[in-house]
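Working notes, structure below.
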Amino acid sequence: MSVTTVVINGTTGVGKSTTLQALGAVLAEQRSPHALVDFDFLSLAWPAPADDPFKVRLGLRNLAAVAANYRVAGW
């Protein structure tokens, strides 16, 4: 199975989530199977560890779990 990954990166408030949603709409219109993951939502927790203020470790662990679930489900 061939998989294409698109990473949208940028500073706060530039429209990454909006762009992600728009991309999802285009892919759905094309009837192209896809999965959308917003990394910001994977690391929403408080308080942040002192040695990981942006909660990257938590986000990466959650991303691994979400990716595995998508693969099992066929995406």
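General observations
- Count of region 42-68 residues which are farther than 21 Å from T4 by Cα and of a type outside the set (K, R): 14
- Checking each residue in region 1-21 for being more than 11 Å from the chain's Cα centre (by Cα) and exposed (fewer than 11 other Cβ atoms within 10 Å of the Cβ) picks out M1, S2, V3, T4, G10, T11, T12, G13, T18.
- Residues (over 16 Å from the mean Cα position of the chain (by Cα), surrounded by 10 or more Cβ atoms within 10 Å (Cβ to Cβ) and β-branched (V, I, T)) located in region 22-75: V26
- Within region 1-57, tally of residues that are under 23 Å from G74 (Cβ atoms), of a type in the set (S, T, Y) and not in a loop (DSSP other than H, G, I, E, B): 0
No value in this document is a laboratory result; all are computed from the given coordinates. All of these numbers come straight from a predicted model, not from anything done at the bench. Glycine also receives a Cβ, built like all others from the backbone with ideal geometry; neighbour counts cover every protein chain displayed.
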